[in-house]
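Working notes, structure below.
The values are calculated or read from the model by the stated rules, or taken from the named source; none is laboratory data. None of these values were measured; they are calculated from a predicted model. Methodologically, a virtual Cβ is constructed for each residue, glycine included, from the backbone with ideal geometry; neighbour enumeration extends over all protein chains shown. Note: accessible area is taken over every heavy atom of the protein model, side chains too, but ligands, DNA and RNA are not part of it. Shrake-Rupley method; radii C 1.70, N 1.55, O 1.52, S 1.80 Å.
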Amino acid sequence: MSDPAAGTAAPPVRRTSYRELLANRRFILYTLSSTAAATGYSVYAISIPWLALDVSKSLFLVGLVLFAEFGVYTLTFLVAPWVDRAGNKRTIFLLCYPVQAVAAAGIGIGLADHALGPGLLLALVVVISFLWDFAWAANNIVPRLLLPSDQLFRAEGLRGLLSGLTQLGGNAVGAALVVLVSPSGGMFLYAALLAVGTGFAALVSLPQASAVARAPARFWSEFREGWQYFGRRTRGSLFSLGLVELVQGLFAAAPTLLITAIAFRVLSGSSAAYTTLFVAWVVGGVIVGLALGELNPRGRIGAILLVSLVAQGALVLAALAVAPHLLFGAILWLLIGGAASAYVSAKYVFLQGAFPPEALGRITSNLYLFTGISSAVGALALGEVATSWSPVAFGALVGVGFLLAGAMVLATPAIRRLTF
């Protein structure tokens with residue numbers, strides 16, 4: 001493993017293929033498990049705001065539920081030491097998914113029986129979100145346990161493809177259940193998909209990250225050790241990357257908000273226009289993710305991070321110029337989605353490939369703390385800006401924001417030289 005901050009070229013790698021990845025039985029079983037859970041979450045994500053409104057008839061509870069959900073997600077860095085300590089990561093899925101399924105079913109039953117009050121709803125949302133912290137951290141470790149480094153970009157590309165499909169399919173099914181059944185239908189489907197995810201997880205045999213996982217656990221020493229990766233001279237790029245995440249995270253929700261603003265203020269409130277732009281954005285991300293898997297650019301991580309951020313900024317500004325023209329807009333949003341996918345894929349593949357598996361839960365979760373805090377602040381602020389500003393002014397702010405994040409990468413040699 002090369003030092004990701006040292007500026008040396010990545011070692012030569014053997015030629016691999018997606019066929020080889022798909023022939024890995026353990027990886028496929030794990031992927032089926034995580035995809036079932038992710039599809040369920042897509043159903044949950046579109047159902048829970050309407051459900052909260054149905055319970056209280058108040059948008060305040062909707063905001064409170066979303067704040068509780070995403071607030072709990074930022075606590076992942078606190079549970080990561082336990083995730084890294086787990087000898088078999090499969091245990092995390094086998095414990096978390098069933099309890100989440102029970103909590104989701106409890107929400108559905110409570111709503112159907114008219115026994116679900118705001119307090120109980122908030123409590124069950126917190127339970128589901130807190131357990132997702134464990135599962136999310138484990139999901140960032142498992143690919144590195146099952147695959148060699150030269151297959152990580154392919155795995156990320158496949159995950160991007162499945163994520164795009166589950167995002168579109170899960171949201172569509174969840175919306176249909178809200179309309180045709182009730183929000184409780186989404187909760188029952190979420191519980192069922194978590195049960196499916198549990199079943200596939202039970203079939204996966206996962207190797208241990210390290211024999212040290214059997215040593216006596218000392219939470220605070222391992223918590224500090226996780227943060228030391230952000231301060232060591234040879235890993236100083238992680239702290240610099242965290243600073244970039246603080247800026248980039250502020251605009252993480254911006255594409256969805258900007259697509260919505262363009263569709264409803266520039267394109268006459270057309271739901272077809274919204275769907276076209278949103279699908280183009282998702283498809284662009286899928287295409288670029290699969291392409292990076294084929295190219296496997298392990299030696300150009302820093303360059304990908306730089307180009308993707310600058311491209312997002314420039315393309316957003318260009319999308320504003322062609323906003324009244326749906327076809328040209330769709331093409332640009334396809335490219336914006338591709339640039340966004342390149343940034344996320346390069347970031348997580350770098351973490352998985354450059355750092356020891358036994359520390360990955362803490363490293364990815366600690367980095368997410370930068371992202372999560374700024375994303376939560378950005379979502380609140382940008383929601384207000386998108387409401388009160390014109391789409392052109394809002395989009396200009398977003399484009400400049402991505403360009404600023406790109407300028408930070410350009411000014412930071414430790415990030416530009418990232419490789420593994």
### Message
I'd like the full set of residues that are assigned to a helix (DSSP H, G or I), open to solvent by 10 Å² or more (accessible area, probe 1.4 Å) and free of Cβ contacts under 8 Å to residues at least 24 places away in the same chain, limited to the stretch 257-269.
### Response
PHE264
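Okay, residues lined up against (1) of a type in the set (A, V, I, L, M, F, W, C); (2) surrounded by 22 or more Cβ atoms within 10 Å (Cβ to Cβ):
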site	(1), (2)
LEU295	yes, no
ILE301	yes, yes
ALA319	yes, yes
PRO324	no, no
TRP333	yes, yes
#### Entry: Residues of the stretch 229-243 satisfying the condition of being open to solvent by 70 Å² or more (accessible area, probe 1.4 Å) and at pLDDT 90 or above
PHE239
### Summary
Over the stretch 138-190, the set of residues modelled with pLDDT of 90 or more and either within 12 Å of TYR44 (Cα to Cα) or among the basic types (Lys, Arg) (or both) is ARG144, ARG154, MET187, PHE188, LEU189, TYR190
### Message
Need pairs with beta-carbon distance below 7 Å; first residue within 21 Å of ALA321 (Cα to Cα) and within the stretch 378-392, second open to solvent by 80 Å² or more (accessible area, probe 1.4 Å); sequence gap 6+ or separate chains.
### Response
PRO391/ARG265
### Query
What pairs can you find where one residue is in the stretch 166-186 and surrounded by fewer than 17 Cβ atoms within 10 Å (Cβ to Cβ), the other is modelled with pLDDT under 75, and their Cβ atoms are less than 9 Å apart, with a gap of 6+ or different chains?
none
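Do any helices (runs of 4 or more DSSP H) entirely within the stretch 36-146 hold 3 or more residues that are open to solvent by 50 Å² or more (accessible area, probe 1.4 Å), and if so, which?
59-73, 90-112, 118-139
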### Query
When residues of the stretch 348-372 are filtered for being under 18 Å from ALA254 (Cβ atoms) and open to solvent by less than 10 Å² (accessible area, probe 1.4 Å), how many remain?
1
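Regarding VAL65, is this residue hydrophobic (A, V, I, L, M, F, W, C), closer than 30 Å to GLU225 by Cα and touching a residue at least 12 places away in the same chain (Cβ under 8 Å)?
Answer is no for this residue.
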### Query
Can you tell which of ALA405, ALA314, ALA339, ALA359 is in a helix (DSSP H, G or I), in contact with an Asp or Glu (Cβ under 9 Å, 6 or more places away or on another chain) and modelled with pLDDT of 95 or more?
ALA405
### Query
Within the stretch 154-174, is there a residue that is over 23 Å from PHE278 (Cα atoms) and not acidic (Asp, Glu)?
yes
### Task
Examine the stretch 244-256 for a residue that is open to solvent by 60 Å² or more (accessible area, probe 1.4 Å) and in a helix (DSSP H, G or I), and state whether such a residue exists.
yes
### Query
How do the pairs read when you match residues in the stretch 324-351 that are without any contact (Cβ under 8 Å) to a residue 24 or more places away in the chain with residues anywhere that are in a helix (DSSP H, G or I) and open to solvent by 10 Å² or more (accessible area, probe 1.4 Å), using Cβ under 7 Å and keeping only pairs 6 or more apart or on different chains?
LEU332/LEU315; LEU332/ALA318
### Message
I'd like to verify a number: residues in the stretch 301-329 that are closer than 25 Å to TYR274 by Cβ and among the hydrophobic types (A, V, I, L, M, F, W, C), how many?
### Response
14
### Message
Report every pair of residues separated by at least 6 positions or lying on different chains whose Cβ atoms are under 6 Å apart, first residue within the stretch 82-110 and closer than 25 Å to ASN366 by Cβ, second not in a helix (DSSP H, G or I) and not aliphatic (A, V, I, L, M).
### Response
GLY87/GLN208
### Task
Please indicate, with yes or no, whether at least one residue in the stretch 270-288 is open to solvent by less than 30 Å² (accessible area, probe 1.4 Å) and not in a helix (DSSP H, G or I).
no
### Query
Among (1) within 17 Å of the chain's Cα centre (by Cα); (2) surrounded by fewer than 17 Cβ atoms within 10 Å (Cβ to Cβ); (3) closer than 30 Å to LEU295 by Cβ, which single condition is ARG19 missing?
(1)
## Note on the structure
For ALA215, the lone unmet condition from (1) closer than 30 Å to ALA105 by Cα; (2) modelled with pLDDT under 80 is (1)
### Task
Kindly list the number of the only condition in (1) modelled with pLDDT of 75 or more; (2) in contact with a Ser or Thr (Cβ under 6 Å, 6 or more places away or on another chain) that fails for ALA202.
(2)
